[in-house]
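This report refers to the structure that appears directly beneath it.
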Amino acid sequence: MTILLFGASGRTGSRIKALLNERNVRIRSFVRLSEQAGDGDVIGDVWRQADVSEAMKGATGVISALGTEGNGTLLAGTRHIVAAMLENGLSRIVTIGTAGILPSAAEPGLLRYQSVESRRTNAEAAMEHELAYLELARADGLDWTVICPTRLVQDEPAGSWREQAEGLPENGSRITFADTAACAAREYAARRYVRQRVGICE
């Protein structure tokens, strides 16, 4: 098994990488800069389909912790990842989203970022996360899971969290980057929420 990891230099992705290394899971990180690359990693640009497709060769699945950068990187990267997975016959992918793209409990028919539940002053990041989620949802043959953390904080990991398929657990207000990483790493193998969004919080 070789997991191709995107976003490995970020606050969640770096923790996913560390956890998988601790468990002796074979991973290959897709990075932009040579100084970020370790042995076996791939240097490339998620904006380039050819780079993503080449990196996918030999992988058995994907974890993506790509974030929004305000320029469409998340959406473009997700599109290229999906295309490369289908091209190479891969099915399993876990991504990091946001609780904003979960269905709203207060206003059925809306997502949380569109509803009174949202505390956002700018919805652009959530909108991009929604579009990235839809790229996965529309792809036939992918066993995807989108981990949807509520407000991410830099604190020490709690070591446990609450989770709910297609919703945010009641009164969920925060979760650490470390616990989010642990949830993603566990879900990749556990496959408890295939083709679902899962809300997580402390």
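The values are calculated or read from the model by the stated rules, or taken from the named source; none is laboratory data. Because the structure is predicted, anything quoted here is derived from the model rather than measured. Cβ atoms come from the backbone with ideal geometry, glycine included; neighbour counts cover every protein chain shown.
Remarks
- Condition check for residue 103: on the phi < 0 side of the Ramachandran plot and either touching a helix residue (DSSP H, G or I) at 6+ places or on another chain (Cβ under 8 Å) or of a type in the set (D, E, K, R) (or both): yes
- From the options 65, 59, 37, residue that is crowded, with 20+ Cβ neighbours inside 10 Å and over 22 Å from residue 152 (Cβ atoms): 59
- Members of segment 61-104 found to be free of Cβ contacts under 8 Å to residues at least 24 places away in the same chain and farther than 15 Å from residue 48 by Cβ, listed by number: 69, 89, 104
- Residues that are crowded, with 18+ Cβ neighbours inside 10 Å and of a type in the set (Gly, Ala, Ser) were ranked within segment 159-178; the one that is nearest to residue 195 (Cα to Cα) is 167.
- Within the span defined as segment 86-93, every residue fails to be acidic (Asp, Glu) and assigned to a loop (DSSP other than H, G, I, E, B).
- Here no strands (runs of 3 or more DSSP E) wholly within segment 135-202 include at least 2 residues being out of contact with any strand residue (DSSP E or B) (no Cβ under 7 Å at 6 or more places or on another chain) and within 23 Å of residue 26 (Cβ to Cβ).
- Any hit, segment 26-33, residues being at pLDDT 95 or above and surrounded by fewer than 18 Cβ atoms within 10 Å (Cβ to Cβ): yes
- Count of segment 11-64 residues which are in contact with a helix residue (DSSP H, G or I) (Cβ under 9 Å, 6 or more places away or on another chain), farther than 19 Å from residue 92 by Cα and assigned to a strand (DSSP E or B): 2
- Filter pass, residue 19 being among the hydrophobic types (A, V, I, L, M, F, W, C), more than 29 Å from residue 169 (Cβ to Cβ), in contact (Cβ under 8 Å) with a residue 40 or more places away in the chain and surrounded by fewer than 22 Cβ atoms within 10 Å (Cβ to Cβ): no
- Of all the criteria given as (1) surrounded by 14 or more Cβ atoms within 10 Å (Cβ to Cβ); (2) in a loop (DSSP other than H, G, I, E, B); (3) of a type outside the set (D, E, K, R), the one not satisfied by residue 80 is (2).
- Top-ranked residue in segment 105-126 [being touching a residue at least 12 places away in the same chain (Cβ under 8 Å) and outside any loop (DSSP other than H, G, I, E, B); ranked as surrounded by the most Cβ atoms within 10 Å (Cβ to Cβ)]: 112
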